[in-house]
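What follows is a short report on a single structure.
The values are calculated or read from the model by the stated rules, or taken from the named source; none is laboratory data. Quick caveat: nothing in here was measured; it's all calculated off a predicted structure. Heads up, the Cβs are rebuilt from the backbone with ideal geometry, glycines too, and the neighbour counts pull from every protein chain shown. All accessible areas refer to the heavy atoms of the entire protein, side chains included, with ligands and DNA or RNA removed. Shrake-Rupley method; radii C 1.70, N 1.55, O 1.52, S 1.80 Å.
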Amino acid sequence: RTAFGLLGVALLLAGCAGTPVGPSQTASPLTRGAAVPSGTSEARTAATERMAKVALLLPLSAGGQTAAIAKGMKQAAELALFDAGTSSVQLLVKDDLGTPEGASAAAEEAIKDGAELILGPLFAASVKAVAPVAARANVPILAFSNDPQVAGRGIYLMSFLASQDVARIVAYSLAQGRRNFVALLPDDAYGRSLGETFRQAVAAGGGSIRGVENYPQ
């Protein structure tokens with residue numbers, strides 16, 4: 001799903017990349033919207049002159065399985081650009097170290113490099129750290145976190161929301177005649193959010209909760 005999402009973003013940006021820039025920006029007369037006959041060398045130059053820069057923030061140097069996931073997502077982004085067949089989108093890959101501090105620094109660097117859109121980070125805490133950095137530069141964020149609480153103005157989620165999964169699983173189980181439920185949840189903010197969704201879904205379907213157990217991260 002992430003690969004297809006990144007491909008869609010790449011295609012959208014490729015389509016926008018040829019649009020004229022505002023008069024306050026440094027640009028040639030061609031990119032300011034001067035009429036140029038299609039098919040001429042000047043038209044081809046104008047179409048490719050505008051390069052859209054997209055930052056990809058991932059925990060590439062984090063430990064364990066996280067680094068493997070980040071590597072896979074980086075490869076998916078590169079494959080998406082390859083499949084899009086566009087040369088008007090530049091991907092700026094930044095290692096956010098898997099920490100809020102690293103994500104904030106990576107976002108600052110990406111914006112300094114000219115990023116107009118940020119893909120990532122992966123973790124909710126990192127998204128919160130990047131949010132004010134991106135807001136100051138008016139750069140939108142497409143984050144990979146599945147915590148809906150980090151979404152907001154200029155921050156969008158491109159991920160599976162666990163709360164939706166829980167609701168659908170409970171609804172399906174109830175439809176199959178399962179009435180009694182237990183939940184095993186991580187002992188953190190994410191687990192508490194899931195627990196509330198779980199309780200609401202079971203209650204709405206007339207089921208019974210037999211227990212909720214939390215385990216340490």
## Note on the structure
Of all chymotrypsin sites (Phe, Trp or Tyr not before Pro) in region 115-217, the ones in DSSP coil with at most 14 other Cβ atoms within 10 Å are Phe160
### Task
Take the Cα atoms of region 90-195, find their three principal axes, and give me the spread along each one in whole Å, biggest first.
56, 24, 22
### Query
Which trypsin sites (Lys or Arg not before Pro) in region 107-190 pass both tests, a DSSP loop state and at most 14 other beta-carbon atoms within 10 Å?
Arg153, Arg178, Arg179
### Task
Give me the distance in nm between label points sitting 7 Å out from Cα along the Cα-to-Cβ direction at Ala67 and Asp165, one decimal.
2.5
### Task
Sort all Cα-Cα distances of region 63-133 into consecutive 5 angstrom bins from zero, then give the percent of pairs in each bin up to the one containing the longest distance.
3, 16, 25, 24, 18, 10, 3
### Task
Could you go through region 124-134 in sequence order and give the Karplus-derived ³J(HN,Hα) for each residue, using 6.51 cos²θ - 1.76 cosθ + 1.60 with θ = phi - 60°, rounded to whole Hz, and x for Gly and Pro?
4, 4, 6, 4, 4, 6, 7, 3, x, 5, 5
### Query
What residues of region 138-158 lie in the reach of a label at Lys112, counting those whose backbone N is under 20 Å from a point 7 Å from the Cα along Cα→Cβ?
138-140
### Query
With each label point set 7 Å from Cα along the Cα-Cβ vector, what nm distance links Arg178 and Arg210?
1.1
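With a 1.4 Å probe and every protein chain kept in, tell me what percent of the accessible surface of region 57-140 is carbon plus sulfur.
Values: 2170 of 3920 Å².
Ligands and nucleic acids excluded, carbon and sulfur give 55 percent.
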